[in-house]
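*Asks:* First, the structure itself, so that you have it in front of you.
The values are calculated or read from the model by the stated rules, or taken from the named source; none is laboratory data. As the structure is a prediction and not an experimental result, all values here were calculated from the model. Counting neighbours? That spans all protein chains shown, and the Cβs are built from the backbone with ideal geometry, glycine included. These area figures cover heavy atoms from the full protein model, side chains too; ligands, DNA and RNA do not enter into them. Shrake-Rupley method; radii C 1.70, N 1.55, O 1.52, S 1.80 Å.
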Amino acid sequence: MDKIVIEGGLTLSGEIKISGAKNSAIKLMAVCLLTDEPLELTNMPNLRDTRSMGELLASLGVSVKTENDASRMTLHAKTLSSTTAPYELVRKMRASFNVLGPMLAREHQAKVSLPGGCAIGARPVDLHLDALKALGADIELSEGYVYAKAKGGLVGANITFPFISVGATEHTMLAAVLAKGETVLNNAAREPEIIDLADCLNAMGAKITGAGRSEMRIEGVTKLKGVSYAVVPDRIEAGTYALAAATAGGSVRLLNVRSEHLGALWPLIAKAGTKVTMDENSVLVERLGTPILPVDVETQAYPGFPTDLQAQFMAMVSLADGVSVIRENIFENRFMHCPELVRMGANITVKGREAIIRGVKSLKGAQVMATDLRASASLVAAGLAAEGTTEVLRVYHLDRGFEHIEVKLGNCGARIKRVAE
Ligand code: EPZ
């Protein structure tokens, strides 16, 4: 497996073009199951996760074609040859579980492997299944699989989520668009990826109102048509590079960004001593010789501070002039980057859901690895700022969610390369 090798200690300077959002793209790909016409997705990121989703869709009989360095993908589910999503494919990526709802909506039956836990937490799918049951599905669990049926089709319902779940909100939308009658979702997630999904579905003829608000309404339709749709820019990728620039220092302009999607990050990164200047389509992030200041953060559902930037924020404040406290409220086990940052010289103590970070003057390069992609990105940022050589192992994780990370950072003057082990 490849590793990323970084010679740290240089500031960054240059421009980075942000790709389409991974966490939107993989759900938009599942949309193709809802229509027998072609769905063209543009501004697609070229990632391991989008390829895994393509593999799963192909196994169901979908024609999957990629062009332009995979930034354009055409998915055509004229007919489905199978309604079974096997464990070998679902285990590669949890979000592929979301093919259950669309298959149930279109074929009135599906068999999909339960995704299982993952490194950042148990991550059950009870909310997904409860919502599908509310839409009239019969669900049985057996030998690690969900067997779902909806004789006569799904029927709209009033659903209140007990807490906010991005995946359950999206999954219910994917099922309810073709249900009979109206579905009301209360306590829905409000992430930009939810709006992206609703915008794509509406362009295909769905009737969704209120996406981006807690209450969403979906008036079921009988058919959706094909469309060409551009994936929203990746706010987490943009936030990651902004934090990398803040950690290593320097001046980086992020292009193809929707800065309003990072409303919770900008004031905090500014408080930490980094200057942020926005215009319509780009954001300039600068820390030129000024110290990093300590900042407390807690993760929340959107529009709060994203859990997917928590590790990267921690890498930054591990070099701050003082003590920061970071609280992780979304996932119960998302501090696995802490021991790795400590191996690089950071001073971090974890107590339950809180990490106390006492800033140090410098980090030292080391061999490190992480068990999820955002944690891996935090180690890359720490490596850029550290003295000496850092090797980030298990690049597999980075490749799931960051397109050409070594090229994008290398273009900003970082000494970073991918090496085959
Ligand atoms: C999405 O995961 C993202 N993944 C995650 O990004 C992101 O961290 C998360 O939303 C929160 O923003 C994708 O979009 C593919 P949730 P999701 O359902 O949908 C619990 C990354 O690095 N829960 O909002 O799985 C769950 O365990 C990934 O790109 C239940 O208990 O997140 C968690 O504690 C990591 N039962 C909380 O809710 C359920 O049925 C929020 O999870 C569903 C969720």
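*Asks:* Regarding GLU298, is this residue open to solvent by less than 40 Å² (accessible area, probe 1.4 Å) and either under 25 Å from MET344 (Cβ atoms) or more than 15 Å from the ligand (Cβ to nearest atom) (or both)?
*Replies:* Working: open to solvent by less than 40 Å² (accessible area, probe 1.4 Å): no; either under 25 Å from MET344 (Cβ atoms) or more than 15 Å from the ligand (Cβ to nearest atom) (or both): yes.
Judged against the criteria, GLU298 is not a match.
*Asks:* For region 177-212, which residues satisfy the criterion of being at negative phi, open to solvent by less than 20 Å² (accessible area, probe 1.4 Å) and free of Cβ contacts under 8 Å to residues at least 60 places away in the same chain?
*Replies:* So in region 177-212, the residues at negative phi come out as 177-180, 182-186, 188-204, 206-209, 211.
Of the ones still in play, those that are also open to solvent by less than 20 Å² (accessible area, probe 1.4 Å) are 177, 179, 183-185, 188-189, 191-194, 196-198, 200-201, 204, 206, 208.
The answer is THR183, VAL184, LEU185, ALA188, ILE194, ALA198, ALA206, ILE208.
*Asks:* I've got another one for you. How about region 301-329: which of its residues are within 15 Å of the ligand (Cβ to nearest atom) and assigned to a helix (DSSP H, G or I)?
*Replies:* Selection gives THR307, ASP308, LEU309, GLN310, ALA311, GLN312, PHE313, MET314.
*Asks:* Please enumerate the residues belonging to region 5-28 that are β-branched (Val, Ile, Thr), open to solvent by less than 30 Å² (accessible area, probe 1.4 Å) and part of a loop (DSSP other than H, G, I, E, B). Explain how you work it out, then say what you get.
*Replies:* Of all residues in region 5-28, those β-branched (Val, Ile, Thr) come to 5-6, 11, 16, 18, 26.
Pick out the ones that are also open to solvent by less than 30 Å² (accessible area, probe 1.4 Å) and you get 5-6, 16, 18, 26.
The answer is ILE18, and nothing else.
*Asks:* Only one residue in GLU15, GLU67 is among the acidic types (Asp, Glu) and not assigned by TED's automatic domain parsing to the domain that holds ASP199. Which one? I'd like the intermediate steps shown before the answer.
*Replies:* On the way: GLU67 fails: not assigned by TED's automatic domain parsing to the domain that holds ASP199.
Going through GLU15, GLU67 in turn, the sole match is GLU15.
*Asks:* Here is a follow-up. Please verify whether LYS225 is open to solvent by 20 Å² or more (accessible area, probe 1.4 Å), closer than 22 Å to ASN43 by Cα and away from the ligand (no atom under 15 Å from the Cβ), treating the condition exactly as stated.
*Replies:* Working: open to solvent by 20 Å² or more (accessible area, probe 1.4 Å): yes; closer than 22 Å to ASN43 by Cα: yes; away from the ligand (no atom under 15 Å from the Cβ): yes.
Against the criterion (open to solvent by 20 Å² or more (accessible area, probe 1.4 Å), closer than 22 Å to ASN43 by Cα and away from the ligand (no atom under 15 Å from the Cβ)), LYS225 qualifies.
*Asks:* Output the residues belonging to region 35-62 that are out of contact with any Lys or Arg (no Cβ under 7 Å at 6 or more places or on another chain) and more than 19 Å from CYS200 (Cα to Cα).
*Replies:* Hits for region 35-62 are ASN46, ARG51, GLU55, LEU56, ALA58, SER59, LEU60, GLY61.
*Asks:* Determine which member of the set ALA122, ALA131 is among the small types (Gly, Ala, Ser), touching a residue at least 40 places away in the same chain (Cβ under 8 Å) and under 18 Å from MET103 (Cβ atoms). Give the derivation first.
*Replies:* Details: ALA122 fails: under 18 Å from MET103 (Cβ atoms).
That would be ALA131, the only listed residue that is among the small types (Gly, Ala, Ser), touching a residue at least 40 places away in the same chain (Cβ under 8 Å) and under 18 Å from MET103 (Cβ atoms).
*Asks:* Considering only strands (runs of 3 or more DSSP E) fully contained in region 330-403, which possess at least 1 residues that are without any contact (Cβ under 8 Å) to a residue 24 or more places away in the chain? Steps first, answer last, please.
*Replies:* Details: elements: 347-351, 354-358, 367-369, 389-393.
Answer list for region 330-403: 347-351.
*Asks:* Tally time: how many residues in region 29-59 are assigned to a loop (DSSP other than H, G, I, E, B), open to solvent by less than 50 Å² (accessible area, probe 1.4 Å) and in contact with a strand residue (DSSP E or B) (Cβ under 7 Å, 6 or more places away or on another chain)?
*Replies:* Filtering region 29-59 down to residues assigned to a loop (DSSP other than H, G, I, E, B) leaves 35-38, 43-47.
Imposing the further condition that a residue be open to solvent by less than 50 Å² (accessible area, probe 1.4 Å) reduces the set to 35, 43-47.
Next, only the ones that are in contact with a strand residue (DSSP E or B) (Cβ under 7 Å, 6 or more places away or on another chain) stay: 43-45.
Residues that pass the stated criteria total 3.
*Asks:* Among residues belonging to region 387-417 that are buried (at least 19 other Cβ atoms within 10 Å of the Cβ) and of a type in the set (Gly, Ala, Ser), point out the one that is nearest to SER24 (Cα to Cα).
*Replies:* Per the stated criteria, the residue is GLY401.
*Asks:* To continue, here is another question. Any idea which of (1) more than 12 Å from the ligand (Cβ to nearest atom); (2) outside the structural domain of SER251 (by TED's automatic domain parsing); (3) at pLDDT 95 or above is the one LEU28 doesn't satisfy?
*Replies:* Just one mismatch for LEU28, condition (1).
*Asks:* Then there's this: Give the number of residues within region 120-143 that are hydrophobic (A, V, I, L, M, F, W, C) and over 16 Å from PHE161 (Cα atoms). Spell out how you get there, then give the answer.
*Replies:* Within region 120-143, the subset hydrophobic (A, V, I, L, M, F, W, C) is 120, 122, 125, 127, 129, 131-132, 134-135, 137, 139, 141.
Checking which are over 16 Å from PHE161 (Cα atoms) leaves us with 120, 122, 137, 139, 141.
Residues in region 120-143 being hydrophobic (A, V, I, L, M, F, W, C) and over 16 Å from PHE161 (Cα atoms): 5 in total.
*Asks:* Scan region 354-386 for residues that are buried (at least 20 other Cβ atoms within 10 Å of the Cβ) and among the charged types (D, E, K, R) and report the count.
*Replies:* Number satisfying all stated conditions: 2.
*Asks:* Where residues in region 276-286 are open to solvent by 30 Å² or more (accessible area, probe 1.4 Å) and touching a helix residue (DSSP H, G or I) at 6+ places or on another chain (Cβ under 7 Å), which of them is nearest to LYS17 (Cα to Cα)?
*Replies:* So, considering only residues that are open to solvent by 30 Å² or more (accessible area, probe 1.4 Å) and touching a helix residue (DSSP H, G or I) at 6+ places or on another chain (Cβ under 7 Å), the one nearest to LYS17 (Cα to Cα) is MET278.
*Asks:* Sticking with this one: If you scan region 235-257, which residues turn out to be open to solvent by 10 Å² or more (accessible area, probe 1.4 Å) and in a loop (DSSP other than H, G, I, E, B)?
*Replies:* Once the filter is applied, which keeps residues that are open to solvent by 10 Å² or more (accessible area, probe 1.4 Å) and in a loop (DSSP other than H, G, I, E, B), region 235-257 yields only ASN256.
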